[in-house]
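Below is one structure, written out as structure tokens, with a few remarks after it.
The values are calculated or read from the model by the stated rules, or taken from the named source; none is laboratory data. Predicted, not measured: the structure shown is a model, and the values here were computed from it. Cβ atoms come from the backbone with ideal geometry, glycine included; neighbour counts cover every protein chain shown.
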Amino acid sequence: MRKIVFILSASFLLASCQDEVTGTNPDLIPRATLEQVLYDMQLADVYSLSVRKDTTEHYGIKNQDSLSRYYNEILKHHQLTYERFKQTMDWYREHPPELDTVYTNVLNRMSAAEEKYKYTNAAEIAKPEPVKNPAAE
């Protein structure tokens, strides 16, 4: 009987910790989804540095028009509204340790992606695919 009480107590404790971490509001974006959205936004942020309106703009300056469009498309892709995203980010701003965990995961993923492509042979990237001859098949 003691084992059952212990297991139930531990289960309730874990469940309460989980609610504390994710918040009790069901409208918040789940952590894994939020991490994916922020990762996508980071990629869009980097890409916007290379998109220029015209040749008079300098590289290294974010194209805010494109970035706004990218952010909207990212939210749309993840089936999220701006209001829900903002509400979630507001909750995380009030819980800095949780926000730190989310951003650490996003940055780790960005670093892993950078390492993956850092050592990729540029010649292999530029190498065209062989043309298949449909008659030979």
Next on the checklist: Looking only at the range 30-65, filter to residues that are surrounded by fewer than 17 Cβ atoms within 10 Å (Cβ to Cβ) and hydroxyl-bearing (Ser, Thr, Tyr); which one of those is modelled with the highest pLDDT?
Outcome noted: 33
Item to check | Per-region count, the range 84-99, residues assigned to a helix (DSSP H, G or I), exposed (fewer than 15 other Cβ atoms within 10 Å of the Cβ) and out of contact with any helix residue (DSSP H, G or I) (no Cβ under 9 Å at 6 or more places or on another chain) | outcome: 4
Item to check | Pairs where the first residue, in the range 89-100, is under 18 Å from residue 32 (Cβ atoms) and the second is among the aliphatic types (A, V, I, L, M), C-beta under 8 Å, 6+ apart | outcome: 91/28; 92/34; 92/99; 92/102; 98/21
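Among the residues of the range 93-137, what is the count of those that are modelled with pLDDT of 70 or more and of a type in the set (Gly, Ala, Ser)? Spell out how you get there, then give the answer.
Of all residues in the range 93-137, those modelled with pLDDT of 70 or more come to 93-118.
Checking the rest, the ones that are also of a type in the set (Gly, Ala, Ser) come to 111-113.
Final tally of qualifying residues: 3.
Can you confirm whether residue 81 is of a type in the set (S, T, N, Q), modelled with pLDDT of 85 or more and surrounded by 14 or more Cβ atoms within 10 Å (Cβ to Cβ)? Don't jump to the end; show me each part of the working.
Numbers: of a type in the set (S, T, N, Q): yes; modelled with pLDDT of 85 or more: yes; surrounded by 14 or more Cβ atoms within 10 Å (Cβ to Cβ): no.
So residue 81 fails the test.
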